[in-house]
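These notes concern the structure reproduced below.
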């Protein structure tokens, strides 16, 4: 019996480094609808979730075009199902998503779109400072609406009624939770 080794390391949503006994490769796209780039070339993978049916093809030759088409359809289907998660994942790294104000009397407002955010985790804490050791002002219920004032990557300054404080960006979403 031969030994196997396989490890996937997620770098960003949809980007993975794959380590195995045979070498290193990179996968781009969600599992089930991705492109794999490795020492043996480029391979497209597309599957129908929950069915066990999938199509795998090396890019190049006659099957490459069908593989790319299947991949594009699969990525589109996945993106439609996970739009809110994608938006929440890229919001902290998008510098133009939220403007911060230099005038403390004037709270910052988002550059575009609504400033309303929804709490996606029960018991999320509104804090005085942008730190997990900051004093707790309030525990928010899942689905609670807050107004986004500014964002600092991992933390968001929000207003809930008369209270203004800091919450982790990872618990906030632009759409109400399921």
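If you go through the stretch 145-178 and keep only what is in a loop (DSSP other than H, G, I, E, B) and closer than 14 Å to residue 132 by Cβ, you end up with just 154.
Sort through 20, 27 and tell me the only one that's surrounded by 13 or more Cβ atoms within 10 Å (Cβ to Cβ), farther than 28 Å from residue 170 by Cβ and free of Cβ contacts under 8 Å to residues at least 40 places away in the same chain.
On the way: 27 fails: farther than 28 Å from residue 170 by Cβ.
Just one listed residue meets the conditions, 20.
Inspect the stretch 150-163 for any residue being loosely packed, with under 15 Cβ neighbours inside 10 Å and without any contact (Cβ under 8 Å) to a residue 24 or more places away in the chain and give the result as yes or no.
Yes: one or more hits.
Looking at the structure I just gave you, is residue 13 touching a residue at least 60 places away in the same chain (Cβ under 8 Å) and under 27 Å from residue 76 (Cβ atoms)? Yes.
No value in this document is a laboratory result; all are computed from the given coordinates. All figures in this text were calculated on a predicted structure; none of them were measured in a lab. Note that we place each Cβ from the backbone using ideal geometry, even for glycine, and neighbour counts take in every protein chain shown.
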